[in-house]
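**Q** Take a look at this one; I'll ask things after.
The values are calculated or read from the model by the stated rules, or taken from the named source; none is laboratory data. In this text, all values refer to a predicted model and were calculated from it rather than measured experimentally. Neighbour counts run over all protein chains shown; Cβ positions are idealised from the backbone, glycine included. Quick note on the areas: whole protein, heavy atoms, side chains included, nothing else; ligands and nucleic acids left out. Shrake-Rupley method; radii C 1.70, N 1.55, O 1.52, S 1.80 Å.
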Amino acid sequence: MAKLFEPITLGKLPLANRIVIAPMCQYSAEDGKMTDWHVQHLGNLSQSGAAILTIEATAVSPEGRISYADVGLWDDETEAAMGKVLDSVRRWSDMPIAIQLAHAGRKASTAKPWDGGAQIAPQDANGWQTVSASDIPFLAHENAPQALDKAGLARIRDAFADAARLGIDAIQIHGAHGYLLHQFLSPLSNTRTDEYGGTLENRMRFPLEVYDAVRAAFPANKPVTMRVSGTDWTPGGWDIEETIAFAKALEARGCDGFHVSSGGLHADQKIPVGPNYQVPLARKVKEAVEAMPVIAVGLITEPEQAEAIVATGDADMIAIARTVLYDPRWPWHAAAALGAQVKASPQFLRCQPRALKDLFTAG
């Protein structure tokens, strides 16, 4: 059997294969509430044959949204809207569903990407005052964030814990791509002089406190994972050695998985983008941890490429995002290319190609 289609356990959650659908912002929410777009988007991906589907970055408080059109989970209305979508998707699919809990920090208050994605000033419509580890803006011309005080840190930590009480199969905490938790980790964005800044131990403190709060609020038999940028791709920034230290600290706390991405924190980043460009980062983390599953992401587009990543031990799983937006049946096609089987709902069984008599197992 192809390694990509071997089952794996994430914490105590059994998964049918090694393919994760990564979170993908849709910028289609209204006041934080999911809409019918999310029903069709997530419903479509829940029929893909992947092992687990991750809901897009979901802000734990209104100011934590990347844009005014982001999904949120901070009150009864946002929870009810998400619950309606989940009920619809689950009616037709038993694929496990995870959620990425997030706070954008200084990279919040922006326009939608197709409207340019620029930061919106606090005094303008759809804008608000951002917060961060320190009062350093992402871009020099942007409105500076407010440095969080102890009360602000407690409020956000509690918001992550409150969001974790949603009925969901797994949680991924967003600590990557230059958003709030990454802003605490990197010395380029964290110049604090209290116990949350300076040394690596101090810069890891708040992200680890958030993890602890989420873990305590979420059922013990369900997995909590963390997504991290393995490097800032900028001199003097967060790097792979610090990422490994963070991974080890999380593993010691019982973290169920570690998603290794990169970049997003600094405008001067120089990223060598190409197939597998982030896989070496995942490999270094996997070599350093004892048993915590490591998930590789980034420009993984071909079945043989994905199979090589897991078969050679670079990572335990792979995650796809833009790839599965372009081809929502990518796991089917990967199974066909690798001579494996994949689960399909009975409504789709008739489309199994004649030359691939054993491709589908009934769902």
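**Q** For region 327-351, what are the residues that are in contact (Cβ under 8 Å) with a residue 40 or more places away in the chain, on the phi < 0 side of the Ramachandran plot and open to solvent by 60 Å² or more (accessible area, probe 1.4 Å)? Break it down stepwise before answering.
**A** Start the filter on region 327-351 by keeping residues that are in contact (Cβ under 8 Å) with a residue 40 or more places away in the chain, which leaves 328-332, 334-335, 338-345, 348.
Next cut, on the phi < 0 side of the Ramachandran plot only: 328-332, 334-335, 338, 340-345, 348.
Passing the criteria: Gln341, Lys343, Phe348.
**Q** Being basic (Lys, Arg) and part of a strand (DSSP E or B), is that true of even one residue in region 342-351? Don't jump to the end; show me each part of the working.
**A** Step one: filter region 342-351 for residues basic (Lys, Arg), giving 343, 350.
After this cut, where a residue has to be part of a strand (DSSP E or B) as well, the list is 343.
The answer is yes; a qualifying residue exists.
**Q** From the list Ile300, Ile318, Ile309, Ile295, which one is in contact with a Lys or Arg (Cβ under 8 Å, 6 or more places away or on another chain) and closer than 18 Å to Ala50 by Cβ?
**A** The unique qualifying residue is Ile318.
**Q** Can you name the number of the only condition in (1) in a loop (DSSP other than H, G, I, E, B); (2) open to solvent by less than 20 Å² (accessible area, probe 1.4 Å) that Gly117 fails?
**A** Just one mismatch for Gly117, condition (2).
**Q** Glu287 fails exactly one of the following numbered conditions: (1) of a type in the set (Asp, Glu); (2) farther than 28 Å from Ala252 by Cα; (3) open to solvent by 50 Å² or more (accessible area, probe 1.4 Å). What is the number of that condition?
**A** (2)
**Q** Also: Among the residues of region 10-43, write down those that are open to solvent by 40 Å² or more (accessible area, probe 1.4 Å) and either at pLDDT below 95 or closer than 21 Å to Gln341 by Cβ (or both).
**A** Pro14, Ala16
**Q** Right, something else. Of Thr78, Thr54, which residue is in contact with a strand residue (DSSP E or B) (Cβ under 6 Å, 6 or more places away or on another chain) and either part of a helix (DSSP H, G or I) or among the hydrophobic types (A, V, I, L, M, F, W, C) (or both)?
**A** On the way: Thr54 fails: either part of a helix (DSSP H, G or I) or among the hydrophobic types (A, V, I, L, M, F, W, C) (or both).
Selected residue: Thr78, the only one of Thr78, Thr54 that is in contact with a strand residue (DSSP E or B) (Cβ under 6 Å, 6 or more places away or on another chain) and either part of a helix (DSSP H, G or I) or among the hydrophobic types (A, V, I, L, M, F, W, C) (or both).
**Q** Can you name every one of the helices (runs of 4 or more DSSP H) wholly within region 135-230 that holds 3 or more residues which are in contact with a strand residue (DSSP E or B) (Cβ under 6 Å, 6 or more places away or on another chain) and open to solvent by 10 Å² or more (accessible area, probe 1.4 Å)? Full working, then the answer.
**A** Working: elements: 150-163, 180-185, 200-217.
Fully inside region 135-230 and qualifying: nothing.
**Q** Hey, does region 352-363 have a residue that's within 27 Å of the chain's Cα centre (by Cα), in contact (Cβ under 8 Å) with a residue 40 or more places away in the chain and crowded, with 19+ Cβ neighbours inside 10 Å?
**A** No, region 352-363 contains no residue that is within 27 Å of the chain's Cα centre (by Cα), in contact (Cβ under 8 Å) with a residue 40 or more places away in the chain and crowded, with 19+ Cβ neighbours inside 10 Å.
**Q** Got at least one residue in region 16-37 being under 30 Å from Ser132 (Cα atoms), in contact with a helix residue (DSSP H, G or I) (Cβ under 9 Å, 6 or more places away or on another chain) and of a type in the set (Lys, Arg)?
**A** Yes, region 16-37 has at least one match.
**Q** While we're on this one: Taking interchain pairs and intrachain pairs at least six residues apart, which have beta carbon atoms under 6 angstrom, with the first residue in region 207-228 and in contact (Cβ under 8 Å) with a residue 12 or more places away in the chain and the second open to solvent by 50 Å² or more (accessible area, probe 1.4 Å)?
**A** These pairs meet every condition: Glu209/Arg157; Val210/Arg157; Ala213/Arg157; Ala217/Arg165; Asn221/Lys12.
**Q** Does Ser88 satisfy the criteria of being of a type in the set (Ser, Thr, Tyr), within 27 Å of Phe258 (Cβ to Cβ), over 20 Å from the mean Cα position of the chain (by Cα) and surrounded by 17 or more Cβ atoms within 10 Å (Cβ to Cβ)? Let's see the steps before the verdict.
**A** Details: of a type in the set (Ser, Thr, Tyr): yes; within 27 Å of Phe258 (Cβ to Cβ): no; over 20 Å from the mean Cα position of the chain (by Cα): yes; surrounded by 17 or more Cβ atoms within 10 Å (Cβ to Cβ): yes.
No.
**Q** Please go through region 257-273 and give me each residue that is more than 15 Å from the chain's Cα centre (by Cα) and without any contact (Cβ under 8 Å) to a residue 40 or more places away in the chain, ordered by number.
**A** Asp268, Gln269, Lys270, Ile271, Pro272, Val273
**Q** Continuing with the same structure: Only one residue in Gly254, Gly298 is open to solvent by 10 Å² or more (accessible area, probe 1.4 Å), within 19 Å of the chain's Cα centre (by Cα) and at pLDDT below 95, so which one is that?
**A** The conditions single out Gly298.
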